[in-house]
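Input: a single structure, listed below in structure tokens.
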Amino acid sequence: MYALSHAVAVNPSGAEPVLSREQVWQGLVMKAENAVPFVPGMEVCEVLERHPDGLLREVSFRGSRMREKITLTAPVEVLFERVDSPDNAGWITNVISESEQGLLLTFTFAVRFPGTEPGSREEQAKGETMKGAYVSAVQATLDRVRALVRSGQIGAAGAPAP
């Protein structure tokens, strides 16, 4: 499995509006429910089952379909686990944390690339491409949360606006 972790500042200099932990959390929950408006390249996101701590969904991302079990650990972590097949196994987390530099959104992933030898240069290259896509997805998520705050769909305290 290829693994990587990367943190993104939630509120870099000049970002408006400045997001609270609660607003980012609400956005991550909305993204778990329907990732299409949050993730470039996501074509379909359908909730199949709901559970007390999450859901099962089917997504289509750049032509690949997969099922993901989502576990919500409020107000800090969303865990996305691929549950289709051992060949396409993997997981991704989005974690909200505090730091001396401010609020961070860290994504960590560990995935298999079907038909790719673990530890190979090919795996490394695919992993670096995936890193770029995930950094873009995390930034797109934060941009979407900001837009939802500006439109009033996420309130000042992170709750859906009335």
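The values are calculated or read from the model by the stated rules, or taken from the named source; none is laboratory data. This one's a predicted model, so the numbers in the text were calculated from it and none came from an experiment. Every residue, glycine as well, gets a Cβ built from its backbone with ideal geometry; the counts of neighbours run over all protein chains shown.
For the stretch 74-95, a residue qualifies if it is of a type in the set (A, V, I, L, M, F, W, C) and not in a strand (DSSP E or B), and the qualifying residues are Ala74, Val76, Val83, Ala89.
For first residues located in the stretch 35-60 and more than 27 Å from Gly132 (Cβ to Cβ) and among the basic types (Lys, Arg), partners that are modelled with pLDDT of 95 or more and assigned to a strand (DSSP E or B) and lie 6+ apart or on another chain with Cβ distances below 9 Å form the pairs Arg50/Leu56. Scanning the stretch 77-100 for residues that are among the hydrophobic types (A, V, I, L, M, F, W, C) and either closer than 19 Å to Asn34 by Cβ or surrounded by 16 or more Cβ atoms within 10 Å (Cβ to Cβ) (or both) gives Val78, Leu79, Phe80, Val83, Trp91, Ile92, Val95, Ile96. Look at the stretch 1-21: where a residue is in contact (Cβ under 8 Å) with a residue 24 or more places away in the chain and more than 17 Å from Asp143 (Cβ to Cβ) and a partner is among the small types (Gly, Ala, Ser) and part of a strand (DSSP E or B), sitting 6+ places away or on another chain with Cβ atoms under 6 Å, you get Met1/Ala110; Ala3/Ala110. No other residue among Val47, Val39 is surrounded by fewer than 18 Cβ atoms within 10 Å (Cβ to Cβ), over 17 Å from Ser151 (Cβ atoms) and not basic (Lys, Arg) apart from Val47.
Do you know which residues across the stretch 96-149 are part of a strand (DSSP E or B) and closer than 16 Å to Ser20 by Cβ?
Taking the stretch 96-149 as the starting set, the residues that turn out to be part of a strand (DSSP E or B) are 96-99, 102-111.
Of everything in the stretch 96-149, those that are part of a strand (DSSP E or B) and closer than 16 Å to Ser20 by Cβ turn out to be Ile96, Ser97, Glu98, Ser99, Gly102, Leu103, Leu104, Leu105.
A single entry from Met130, Met30 fulfils the requirement of being modelled with pLDDT of 95 or more, among the hydrophobic types (A, V, I, L, M, F, W, C) and surrounded by 12 or more Cβ atoms within 10 Å (Cβ to Cβ): Met30.
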